[in-house]
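One structure is given here, and the rest of the page talks about it.
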Amino acid sequence: MSTQVGVRGRSWRGALLAGLSATLLWTSSSLSPAYAATTYWRFDNYERGCLTAGTSSNAVFEGPCRNSDGAQQWHWVSSSSWNLKLLVNSATGRCLTTDYASGATRANAVWQSSCDEGDKNQKWRFDYLTDGAGYGYLESYWGTQARTSPGSAGSVYTDERIKTDISNGYYAWSASTSG
């Protein structure tokens with residue numbers, strides 16, 4: 001069996017492999033950092049303000065929306081859960097956290113804490129509504145949705161939207177991205 005020899009004594013297969021390797025190396029080294037940029041999300045509640053992290057505490061609250069406010073910028077970090085991710089605040093580096101201590105029909109606390117990929121209290125997803133209005137629900141691992149409070153401006157809780165008499169507007173968030 002004979003091997004065809006190409007450029008400088010190399011087989012065509014070897015030359016092709018060397019060429020592909022060189023192309024891949026060149027392409028990966030010439031990518032600009034913009035391709036690796038983080039996409040930041042800002043969540044604006046239909047009834048209230050934007051989801052905001054306290055920069056000097058672990059508090060999470062809704063506050064007046066402000067462009068370029070790192071406390072209102074969040075980014076998703078993949079986790080081992082198939083469709084749930086960590087939601088990390090840009091200003092603090094801490095993760096949005098809730099629990100199920102109060103159950104489905106009562107307000108559960110929302111705060112931020114050190115990110116732990118194994119902590120199911122930090123697993124979230126955002127599902128857009130199908131009506132095309134641009135709003136959706138920020139849902140926790142527990143199946144509870146983040147909401148603002150009808151009675152107390154600033155407060156953010158989770159509970160099961162369909163099991164309360166609170167207006168859907170307090171659960172609805174629009175999401176805008178930057179980055």
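Key figures for this structure:
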read-out: Per-residue Cβ neighbour rank within 10 angstrom, fewest leading, ASP44, ASP119, ASP127; value: ASP127, ASP119, ASP44
read-out: Computed E for SER102/TYR128 - FRET, C-beta separation, R0 35 angstrom, nearest 0.05; value: 0.85
read-out: Chain lengthening between TRP82 and TYR46 when straightened (0.36 nm per residue, less Cα-Cα); value: 10.2 nm
read-out: Two-site label geometry, ASP165 and ASN67: point separation in nm, points 7 Å out along Cα→Cβ; value: 4.2
read-out: Burial ordering of ARG161, ARG48, fewest other beta-carbon atoms within 10 Å first; value: ARG161, ARG48
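Each reported figure results from applying straightforward, stated rules to the coordinates on display, with no laboratory input. Since the model is a prediction, treat every value here as computed from it, not as a measurement. For neighbour counting, all protein chains shown are included, and Cβ atoms are generated from backbone atoms with ideal geometry for every residue, glycine included.
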